[in-house]
1. Using the alpha-carbon centroid of each, what span in Å lies between region 82-144 and region 1-29?
2. Less than 19 Å apart at the alpha-carbon level, and either on another chain or at least 8 residues along: which aspartates and glutamates does that give for Lys55?
3. Return the distance in nm (one decimal) between the two label points of a simple spin-label model at Glu114 and Lys55, each offset 7 Å from Cα along Cα→Cβ.
4. Mind running the shape call on region 37-144? Use the C-alpha gyration tensor, a ≥ b ≥ c as the square roots of the eigenvalues: rounded below 1.5 for a/c, prolate if a/b tops b/c, oblate otherwise.
5. Using a Gaussian network model of the chain whose springs link C-alpha atoms within less than 10 Å, name the residue from Thr36, Thr67, Thr89 with the highest mean-square fluctuation.
6. If the cut-off is 17 Å between C-alpha atoms, which aspartates and glutamates fall inside it for Lys25, apart from same-chain ones fewer than 8 positions away?
7. Please report the orientation-averaged projected area of region 13-99, defined via the convex hull of its C-alpha atoms, in nm².
8. Relative to the first principal axis of the alpha-carbon coordinates of the chain, what is the inclination of helix 132-141, with its axis defined by its Cα atoms, in degrees from 0 to 90 and to the nearest 10?
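What follows draws every value from the coordinates through simple rules; no lab data is involved. Computed from a predicted structure; not experimentally measured. Neighbour counts are summed over all protein chains in view; Cβ atoms, including those assigned to glycine, are modelled from backbone coordinates with ideal geometry.
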Amino acid sequence: MKIVIANDHGAVALKKRIVAWLESKGHEVVNLGIDTEDRVDYPDQAARAVSEYCKGGYDFGIVCCGTGIGISIAANRHRGIRCALIHDTYTASMAKAHNNANFVAFGGRVSYHEPVEQLLEVFMSTEFEGGRHSGRIEKLDMLG
Ligand code: RB5
């Protein structure tokens, strides 16, 4: 898969861990996040990732900040982006199966009960169910 990722200073270590894991699995990762603790604003980092994703050719995007909350909100302000703040294997699975999320968000300061790598594995291996969920997603795209 081809994946774009961006982060703020709240998720440098987590971003590096995710990139290393994805690359170890043979995926192509475009890292637009910061690799230092320099402060940056999560709306700007979300915009960078979304802008790159919208160029096409990506399977999905990942955004990370301290909680995952701010950067997921920011990503979702962009038309056509469905960014899911997943926190366990159930929400990782549903984010794809029901919401066909094209972005996922994580928090670098969050204590996950299941490894983020496992959450990504579930998200990436789950198929969108389509059917009644397609119409709901179309309604999302008509908002705002
Ligand atoms: C940055 O300190 C922090 O506010 C940000 O990473 C994120 O957690 C916001 O939602």
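1. 17
2. Within the straight-line cut-off, Lys55 pairs with Glu28, Asp44, Asp141.
3. Between Glu114 and Lys55, the label points sit 3.3 nm apart.
4. The shape class here is oblate.
5. With Cα springs under 10 Å in the chain, the top fluctuation among Thr36, Thr67, Thr89 is at Thr36.
6. Correct list for Lys25: Asp59, Glu117, Glu121.
7. Reported value for the Cα convex hull: 6.0 nm².
8. Its long axis makes an angle of about 60 degrees.
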